[in-house]
């Protein structure tokens, strides 16, 4: 299974998310794994999503590229 990491770019997501409210929406355009945690997403469901598990925040359908978590305003990313 390929994993698309956000290595080396985490500070960008942390900086942007520091300025957002929990009620703000984020529409990523690529690899939203690093944006999910600073936006308030739980790490466990994020890791489960990366591994394609049903317990993932996108129920294992998004993988490392298309993380969706409406509870924190993560609306996914475009391919």
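The values are calculated or read from the model by the stated rules, or taken from the named source; none is laboratory data. In this text, all values refer to a predicted model and were calculated from it rather than measured experimentally. All Cβ positions, glycine included, derive from the backbone under ideal geometry; neighbour counts span all protein chains shown.
Taking into account only those residues within segment 50-77 that are touching a strand residue (DSSP E or B) at 6+ places or on another chain (Cβ under 8 Å) and touching a residue at least 40 places away in the same chain (Cβ under 8 Å), which is surrounded by the fewest Cβ atoms within 10 Å (Cβ to Cβ)? Here the answer is 75.
Looking across 62, 40, one residue alone is modelled with pLDDT of 85 or more and in contact with a helix residue (DSSP H, G or I) (Cβ under 9 Å, 6 or more places away or on another chain). It is 40. Of all residues in segment 12-38, how many are surrounded by 11 or more Cβ atoms within 10 Å (Cβ to Cβ) and part of a loop (DSSP other than H, G, I, E, B)? So the count comes out to 6.
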